[in-house]
Amino acid sequence: KAGVTQTPRYLIKTRGQQVTLSCSPISGHRSVSWYQQTPGQGLQFLFEYFSETQRNKGNFPGRFSGRQFSNSRSEMNVSTLELGDSALYLCASSSGPGEGNTIYFGEGSWLTVV
Amino acid sequence: DQQVKQNSPSLSVQEGRISILNCDYTNSMFDYFLWYKKYPAEGPTFLISISSIKDKNEDGRFTVFLNKSAKHLSLHIVPSQPGDSAVYFCAASDYNTDKLIFGTGTRLQVFP
């Protein structure tokens with residue numbers, strides 16, 4: 001059974017550009033969430049999606065957005081990139097929010113903004 | 001406000017001995033807790049979890065203990081192996097959500 005798949009794994013963008021990151025959850029999983037990891041702020045929650053609906057949103061500016069498709073795949077977008085957006089972006093999936101379901105993470109997408 | 005805290009940034013343990021990693025939380029609404037192991041440039045790997053209705057959960061060499069009154073949980077690894085060397089994160093959530101609040105991590109080094 002394939003794990004959570006994130007693409008691309010590495011990318012370099014210039015300040016002011018936008019980026020789209022993709023996540024394919026584990027087969028059968030319908031809940032997808034996103035996290036940002038930086039050396040200074042640690043692992044921080046970005047969004048949570050279930051059945052194409054955003055259930056929770058973290059404390060990030062509106063430049064950060066996401067969506068989930070009917071096949072449970074998810075994308076997140078960051079517009080007008082800033083140097084501080086350089087981070088490891090992690091996607092996680094579970095069979096459904098709550099009920100003590102295990103949450104599994106992908107390998108992440110490394111974003112460098114120059 | 002850091003709702004989940006791991007006050008020890010690092011821990012060094014000899015192979016074969018017990019590793020104890022600690023985690024404290026402040027939000028009494030948290031009712032589900034997870035531990036993850038992470039290597040640099042990789043995603044977190046799930047280790048073990050515990051719900052607030054339990055005070056202990058075991059899986060092989062890993063045991064998690066939860067003390068709700070103290071808002072404290074710990075991960076015990078017995079026996080510790082060199083391959084356990086990594087950064088360990090505890091995370092907490094409300095049972096009805098996949099929104100995880102992570103601690104700052106503890107770097108475990110297991111030496112021969």
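What follows draws every value from the coordinates through simple rules; no lab data is involved. Since the structure is predicted, the reported quantities are computational estimates derived from the model, not experimental observations. Because the Cβ atoms are built from the backbone with ideal geometry, glycine has one as well, and the counts that use them run over all protein chains shown.
Annotations for the structure displayed:
- Using C-alpha pairs under 8 Å with a sequence gap of at least 6, the mean separation divided by the residue count of chain A gives a relative contact order of 36 percent.
- Assigned charges on the beta-carbon of Lys, Arg, Asp, Glu; the protein assembly as shown dipole about Cα centre (debye): 200
- Anchor residue B:5: lysines whose Cα lies under 19 Å away (excluding residues fewer than 8 positions away in-chain): B:37, B:38, B:68, B:71, B:99
- Taking a quarter of the surface of the Cα convex hull of the protein assembly as shown gives a mean projected area of 12.3 nm².
- Taken along the Cα-to-beta-carbon direction at a fixed 7 Å, the label points for residue A:17 and residue B:42 span 2.9 nm.
- Ignoring aspartates and glutamates fewer than eight residues from residue A:13 along the same chain, the ones with Cα atoms less than 18 angstrom from its Cα are A:75, A:82, A:85.
- Size descriptors for the range A:8-65 (Cα atoms only): Rg and Dmax, in that order, 12.9, 37 Å.
- Cβ-derived FRET efficiency at R0 25 Å, residue B:70 paired with residue B:109, nearest 0.05: 0.40
- Separation in nanometres of the label points that stand 7 Å from Cα toward Cβ, at residue B:3 and residue A:52: 2.9
- q = 0.13, 0.21 Å⁻¹, chain A: log10 I(q)/I(0) [Debye, one scatterer per Cα]: -0.44, -1.13
- Residue-wise HN-Hα coupling along the range B:15-29, computed from phi with Karplus coefficients 6.51, -1.76, 1.60 (Hz; x: Gly, Pro): 3, x, 8, 8, 10, 10, 10, 10, 8, 10, 9, 10, 8, 6, 7
- Cα centroid of the range A:1-75 to Cα centroid of the range B:23-94, whole Å: 23
- Calculated FRET efficiency for the pair residue B:14/residue B:52, C-beta based, R₀ 45 Å, to 0.05: 0.85
- Mean projected area (nm²) of the alpha-carbon convex hull when chain B is viewed from all directions: 6.8
- Exercise: per-residue mean of other protein chain Cβ atoms within 10 Å, A:38-45: 4
- Segment residue A:9..residue A:65, full-extension length gain: 18.3 nm, with 0.36 nm per residue of separation and the alpha-carbon distance subtracted.
- Averaged over the residues of peptide B:98-107, the number of Cβ atoms from other protein chains lying within 10 Å of each residue's Cβ is 6.
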